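The values are calculated or read from the model by the stated rules, or taken from the named source; none is laboratory data. Note that the structure is predicted; figures quoted are calculated from it, not measured. Cβ sites come from the backbone with ideal geometry, for glycine too, and all protein chains shown count toward neighbours. The area values use the complete protein model at the heavy-atom level, side chains included, leaving out ligands, DNA and RNA. Shrake-Rupley method; radii C 1.70, N 1.55, O 1.52, S 1.80 Å.
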Amino acid sequence: MIRDRFTRFNWRAACAVLGAIVCIGAASDPAERLADPAKEARARAVFQQVRCVVCQNESIDDSEADLAHDLRQSIRQQIVQGRSDGQIRAFLVTRYGEFILLKPRFSLGNAALWLAPFGLVLIAGGALIWRARRPADPAQTADLTPEEQARLNALGEN
Amino acid sequence: MTAELGSFALVLALVLSVAQAGLSIAGRVRGSAALAGAGEGAAAGAFLGVAFAFFALMIAFVTSDFSVANVAENSHTAKPLLYKIAGVWGSHDGSMLLWCLALTGFGAVIALSGGGLPARLKASAVATQGLLGTMFLAYAVFASNPLIRLANPPVEGASLNPILQDPFLAIHPPFLYAGYVGMSVVYSLAVAALIEGRIDAAWARWVRPWTLAAWSLLTIGIMLGSFWAYYELGWGGWWFWDPVENASFMPWLAATALLHSAVVTEKRGALATWTMFLALLAFTFSMLGAFLVRSGVLTSVHAFAVDPTRGTILLVILGVTAGAGFCLFAWRAPTLAPGGLFAPVSREGALILNNLFLSVCAFTVLLGTLYPLIGQALSGESVSIGPAYYNLTFTPLMAIVLLILPAGPLLAWKRGDLLGALQRLWWAAALAVAAAGVVLILSRPTKGLAVLGVGLGVWLIAGALAEVGERVRLGRAGFGEALRRLRGLPRGAFGMTLAHIGVGVFIMGAAYETAFRIEAAQVLSPGESLKVGAYALTLDGVGNAEGPNYLAERGAISVTRAGHPVCQAHPERRLYAPGRQTTSKVALCEQNLGDVYVVLGERRPGPHGALGWLVRVYWNPWARLIFIGPFLMALGGAVSLSDRRLRLGVPRRAARTAQVRA
């Protein structure tokens, strides 16, 4: 029933449609906050890296869905209990799978994901340097023929 | 009756597109000007047909004709007129019609105005555009006709999602689509040049204005969409690296790379093959975006999955168009003559570096967008790619290319003097370091992102100004002489300067806002206040308000800074009666290019038991720069474009400019 109404951002609209709720930075709700500002800041940093798995591509920091609320509560509790961010993430992954982490962990499986951009720059840059160092091919130095140059000039004037 | 006429016109447009392709191909093969001319006439006719269908749909929306299925699903009698009109492109079917309108419109423009193009090249380009039109119009007619009637029309429509009822969102699709589809002209010109076996400076000179126009429109479209997200969604974010956003960003990156490589091809005849590749790539990315958004293959758009058959058809169109283009490229490109020689340190070299990084950035966005699909196909387990991925890959790569940007325009063609260029940039570098230092010393807490971002932004702005100063020989010749030279500069030079300044402005805003945004939330009863940064907000009261199709709770909040009143904010919580949906209307209070961003939340008991409203506030310093920057970039594109028109259209004036410069 709900169709692709606009090409961009329509997933955000889903938030309003699905729950008839206001999408506002949900995690800042004063009723949920921890008393210790340092721990609260840590909790918020973790929230931003955790996907609200029932939403359209939102972190639990933004989402007002019930599941996001429950996860926030659980993570805040774990922080109070003194668990590290890594332990909390491991807990989430065992419960919901890799999918829940908005920042994929570096592993052999997704090494390509993290390294490809830099690898591509190095390979392409290396190829360019190699080509630049190669002696010039005399065939490449040929310029435009006089007729071609005349035609180009004529085109430029029109 | 109007809807039937519209449907008829749409079918007619499809037939004319077929005729456009057929006649142009025949004209090209037989070398007949009459046949090619008939093809051009068909191109104009196809545009008129689609325009008529579009107009018919608009009438159906404005008159709330709910016997048309698309209107019944997306409109409502109580909706304001602007959103009735915007409803035309508010649905999948309607937005496809807008796409077709732009596609045939651009086809008609090439057909009717491309007088300076060689006849064969033009016939091939018009034919290619006709084939594209045929595919997309066939899709519109057979798979997503927005003018289909309902057997039992409802009395009232289902209305457009209220979160989409916003002026910025209403006008951004036309810009975005004009930008996406503008790349189709570049694609057609590239295919035509490959068929004719000729890519040269003259071809690049034809491609550049089209790329510039499409790029500027795309920039505006993305900026408007981002601004909408910023103030409509209620938590002040302006870019989420969501697949749907990435879909518009990839063609933008490819078009930006193309703009720069086409300069090299035009001015120096080099990089022709690469420019051709980018020309094909830009439109491929546009179509990939259209496919990703409509097919529902990505989680982001999952809820809007239209229907897999339609996605499949779009994938086939994408495959055919991109496949044909790149096969032709692989076949013909090696036969193209390579262009002029140049040393690694030269304007050409700098532009190649620009292209290297921009292409890798586009690839990174593509990888991040598609990786969840690839992962699922390979290992069965899906991963999520959030903003953190792009911040660690895209951002550093982009930072490198921006760092070297100011030096590029100061290098000469063929063989440049890097040391000389850097010497002429010393004051820009000094200014950048000073600005970074000021941020480092004055702002607390210390944020590396803000220090680097402001430094980089100032470096870009000052570097762009240094380049103009160099051109007019400011400081070496007298002031009057510099002014005279400034007037003599071609508009393209100003366009480039403006666009590069825009990049700097954007970087400063983006980095500063991200580093220093502050958030506060509290339950306030009337008379109570909360603080965010230097600002104090007092809730004066909450009243009721009524809009054309909604009821609202409207807060009155006084914003003060150090005791002095700054502004009155009126955030609203709206209840749209038709769909019973609640949305929040953010109040923005602009202060020194930043925003005090106020959201009125639900009513609930406060910490002391008294009933109040949850008020969320953000202080987003320099947030406006994030939108001013892209606006300046698009303005730069428009200024450049006006220059090209002068040069291409009025030869005498061009000759005079040349004399002045000599």
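Using a ≥ b ≥ c from the Cα gyration tensor of segment B:442-539 (square roots of the eigenvalues), is it rounded, prolate or oblate, where a/c under 1.5 gives rounded and otherwise the larger of a/b and b/c decides, a/b for prolate? Since a/c reaches 1.5 and a/b is larger than b/c, the shape of segment B:442-539 is classed as prolate. Here's the picture: charge each Lys and Arg Cβ at +1 and each Asp and Glu Cβ at -1 in chain B, and of B:Tyr177, B:Gly41, B:Val639 the one pushed furthest to the positive end of that dipole is B:Val639.
Taking 28 Å as the straight-line reach from the Cα of B:Lys79, the lysines in range (excluding those fewer than 8 positions away in the same chain) are B:Lys585.
Note on A:Val54 and A:Ala154: with the Förster distance fixed at 51 Å, the Cβ-Cβ geometry gives a FRET efficiency of about 0.20. The residues neighbouring B:Ala407, those whose beta-carbon lies less than 14 Å from its own, together hold a net charge of -2 under the Lys/Arg +1, Asp/Glu -1 convention. Positive-end ranking of B:Leu82, B:Thr273, B:Pro372 along the dipole of the protein assembly as shown, with charges on Cβ about the Cα centre, is headed by B:Thr273.
With the highest mean first, a sort of the peptides B:121-128, B:76-83, B:514-521, B:229-236 on other beta-carbon atoms found within 10 angstrom per residue produces B:121-128, B:229-236, B:514-521, B:76-83. Over 32 Å apart at the Cα level, from the set A:Lys39/B:Lys531; A:Lys103/B:Lys84; A:Lys39/A:Lys103; B:Lys267/B:Lys447, are A:Lys103/B:Lys84; B:Lys267/B:Lys447.
Counting only other chain Cβ atoms within 10 Å of each residue's Cβ, the peptide B:372-384 averages 4. Is the shape of chain B rounded, prolate or oblate, going by the alpha carbon gyration tensor and its root eigenvalues a ≥ b ≥ c, with a/c under 1.5 for rounded and a/b larger than b/c for prolate? Verdict is oblate for chain B.
Residue by residue along B:163-172, Cβ atoms of other protein chains within 10 Å of the local Cβ number 3 on average.
With the Cα gyration tensor of the protein assembly as shown giving a ≥ b ≥ c as the square roots of its eigenvalues, does the rule (a/c under 1.5 for rounded; else a/b larger than b/c for prolate; else oblate) give rounded, prolate or oblate? Walk me through the numbers on the way to the answer.
Details: a/c = 1.74, a/b = 1.27, b/c = 1.37.
It is oblate, given that a/c is not under 1.5 and a/b is not larger than b/c.
Charge dipole of segment B:518-620 (Cα centre as origin; +1 on each Lys and Arg Cβ, -1 on each Asp and Glu Cβ, all else neutral): 200 debye, rounded to the nearest 20. One chain, two ends: B:Thr446 and B:Asn391. Fully extended at 0.36 nm per residue, the span grows by 17.9 nm beyond their Cα-Cα distance.
Around B:Val586, what is the net charge, scoring Lys/Arg as +1 and Asp/Glu as -1 over all other residues with Cβ under 10 Å from its Cβ? Net charge in that neighbourhood comes out at -1.
Charge dipole (Cα centre; +1 on Lys/Arg Cβ, -1 on Asp/Glu Cβ; no other charges) of the protein assembly as shown amounts to roughly 2220 debye. Estimated from helical segments only, the mean residue ellipticity of the protein assembly as shown at 222 nm is -21500 deg cm²/dmol, where each DSSP H run of four or more residues counts as -39500 (n - 2.57). Largest to smallest in accessible area, the residues B:Cys567, B:Cys100 fall in the order B:Cys567, B:Cys100 (1.4 Å probe, all protein chains included).
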